[in-house]
Amino acid sequence: QVQLVESGGGLVQAGESLRLSCAVSASIYTIEVLEWYRQPAGKQRELVADITAGGRTSYANSVKGRFTISRDNRKNTLYLQMNSLKPEDTGAYFCNAKGLFRPDWGKGTQVTVSS
């Protein structure tokens, strides 16, 4: 059973930066794809970025050029560096291992960007 715990969210002003972390309770060397999702209040969860075991990354158009996803396999940790934050980035952020059974995604970590 893989457990994922997000951290690093907070309240920031537009233009500032945050780095989110996701601690994974297993070796991530063998996890093919790790993902970051976000869910604004009252809206559906959406895929923000993902990264393969080989380091190939993909991003939603809304965050390209501002966000960077990375993984440290030695530390079993996934990161999301968020720069030039905008109010529309506000939401609950979740990490995920693609294909993992997730009946309950938990609360994630809240990111709030003020103008």
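Here are some notes:
- Comparing mean-square fluctuations of THR57, THR30, THR68 from a GNM of the chain with C-alpha springs under 10 Å, the top value falls on THR30.
- Taking other residues whose beta carbon is less than 15 angstrom from the beta carbon of PRO40, and scoring Lys, Arg as +1 and Asp, Glu as -1, yields +2.
- Cleavage-rule hits (chymotrypsin sites (Phe, Trp or Tyr not before Pro)) in the range 81-115: DSSP loop, at most 11 neighbouring Cβ within 10 angstrom: PHE101
- Taking SER58, SER70, SER27 in turn, the Gaussian network model of the chain (Cα-Cα springs below 10 Å) assigns the largest fluctuation to SER27.
- Separation between Cα centres of the range 42-56 and the range 75-115, rounded to whole Å: 9 Å
- Nonlocal amide H pairs with ASN76, under 5 Å, H built at 1.01 Å: ILE28
- A straight Cα-to-Cα reach below 25 Å connects LYS75 with the lysines LYS98, LYS107, residues fewer than 8 places away in its own chain not being considered.
- Phi angles across the range 34-44 convert, under the Karplus curve 6.51 cos²θ - 1.76 cosθ + 1.60 with θ = phi - 60°, into 3J(HN,Hα) values of 10, 9, 10, 10, 9, 9, x, 4, x, 10, 6 Hz, Gly and Pro given as x.
- Per DSSP, loop GluC sites (Glu not before Pro) in the range 19-82 with at most 16 further Cβ within 10 Å: GLU32
- Pairs of alpha carbons in the range 25-84 whose separation is greater than 17 Å (percent): 41 percent
- Accessible surface of the range 1-103, 1.4 Å probe, proportion on carbon and sulfur as whole %: 46 percent
- Using θ = phi - 60° and Karplus 6.51 cos²θ - 1.76 cosθ + 1.60, couplings along the range 13-26 (whole Hz; Gly, Pro as x): 8, 3, x, 7, 10, 9, 10, 8, 10, 9, 8, 10, 8, 6
- Shape index of the chain: Rg/Rh, with Rg the Cα radius of gyration and Rh the Kirkwood radius from the inverse mean 1/r over Cα pairs, equals 0.94.
- Solvent-accessible area per residue, Å², over the chain with all protein chains present [probe radius 1.4 Å]: 56 Å²
The values are calculated or read from the model by the stated rules, or taken from the named source; none is laboratory data. Please read all numbers here as calculations on a predicted model, not as lab measurements. Note that we place each Cβ from the backbone using ideal geometry, even for glycine, and neighbour counts take in every protein chain shown. We work out accessible area using only protein heavy atoms, side chains counted, and drop any ligands, DNA or RNA first. Shrake-Rupley method; radii C 1.70, N 1.55, O 1.52, S 1.80 Å.
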